[in-house]
Amino acid sequence: MAWMKEEIYFPGITEEEDREMPLNISASVAGHRVSWVHVDGGSGVEVMYEHCFLRLQREIRERLEEDTCPLMGFSGEVVELLGSLNLPFTLRDGGKTWTVCLRFSVVRAPSKYNIILGRPGMKALRAVPSTVHGYMKFPTPKGIATIRSSTEIVASIGRGVKGKKGVEEWVLNGEHPDQTVRIGSQLSDKGRACLKEVLLRNADVFAWTHKDMKGVPQNLAQHTLDEFHWMEPLNQKRRSMGLQKSQGSYEQSNTLDGYETP
């Protein structure tokens, strides 16, 4: 395929434009949109963490095969391997898409990422990542596609908004920087760390736009006014009370409102 031999190049950037943040992208795995896919050229396998695996459909999870090959962590520890399975992995840049079949090793370990895209995956995609530029390029039948890195969490008050002391404002989704999450100062350091981990693991379950709000029953999303359509409307006549009844109702209403009748 000639399009796979198309040249990939990155433009020059200044020192103010270069980046040091990790390269994190979003992809479609077996029809599921998965965010926080960490591109790691130092990994020899594609890793899927258990919290991501459990969100897949049941028929997909049942395809998990036993795998006895141990995985070693950065510090030399052995990571528990639940199994492995082959899944389609799709990247999209507008109308430019490319899908490859990757074998994921499912592990049980705490991580803010859902998937780690290693060297085998980048080779299958013919992808060239650039941490300095903050994006990754790969060829497709319609030309070179560019996938930009998702914005890392920003633990600061932005856009000139002055927050309270100790309050942190986060941008969880780089595609929607105007939507932030705030963590109050009343939490302990341990509590903040636990809350950050929960938000990171479940960032993909939030509804960032209206199109993400799927599966809500219409009777809950739509306001209705219960009425009897078979009844004809009636005009109520004004009813007046006598002087004694009016004075009694006035005194009673003031008592209910917490006022005393003079």
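Residues that are at pLDDT 90 or above and assigned to a loop (DSSP other than H, G, I, E, B) were ranked within region 57-94; the one that is surrounded by the fewest Cβ atoms within 10 Å (Cβ to Cβ) is GLU62.
Checking the structure you have, find out if any residue of region 100-115 is surrounded by fewer than 13 Cβ atoms within 10 Å (Cβ to Cβ) and modelled with pLDDT of 90 or more. The answer is yes, given that some residue of region 100-115 is surrounded by fewer than 13 Cβ atoms within 10 Å (Cβ to Cβ) and modelled with pLDDT of 90 or more.
Tell me, yes or no, whether region 46-55 has at least one residue that is at pLDDT 85 or above, in a loop (DSSP other than H, G, I, E, B) and closer than 19 Å to LEU91 by Cβ. Scanning region 46-55 turns up no residue that is at pLDDT 85 or above, in a loop (DSSP other than H, G, I, E, B) and closer than 19 Å to LEU91 by Cβ.
From the list LEU199, LEU187, LEU195, the lone residue that is surrounded by 13 or more Cβ atoms within 10 Å (Cβ to Cβ), part of a loop (DSSP other than H, G, I, E, B) and not assigned by TED's automatic domain parsing to the domain that holds ILE25 is LEU187.
Only residues that are assigned to a strand (DSSP E or B) and either touching a helix residue (DSSP H, G or I) at 6+ places or on another chain (Cβ under 8 Å) or free of Cβ contacts under 8 Å to residues at least 40 places away in the same chain (or both): list them for region 105-127, please.
At the first step, the residues of region 105-127 found to be assigned to a strand (DSSP E or B) are 105-107, 115-117.
VAL106, VAL107, ILE115 - these are the residues of region 105-127 that are assigned to a strand (DSSP E or B) and either touching a helix residue (DSSP H, G or I) at 6+ places or on another chain (Cβ under 8 Å) or free of Cβ contacts under 8 Å to residues at least 40 places away in the same chain (or both).
Within region 31-47, not a single residue is within 20 Å of the chain's Cα centre (by Cα), within 15 Å of ARG108 (Cα to Cα) and of a type in the set (D, E, K, R).
The values are calculated or read from the model by the stated rules, or taken from the named source; none is laboratory data. A quick note: this is a predicted structure, and the numbers were derived from the prediction, not measured. In this analysis, Cβ positions are derived from the backbone assuming ideal geometry, glycine residues included, and neighbour counts consider all displayed protein chains.
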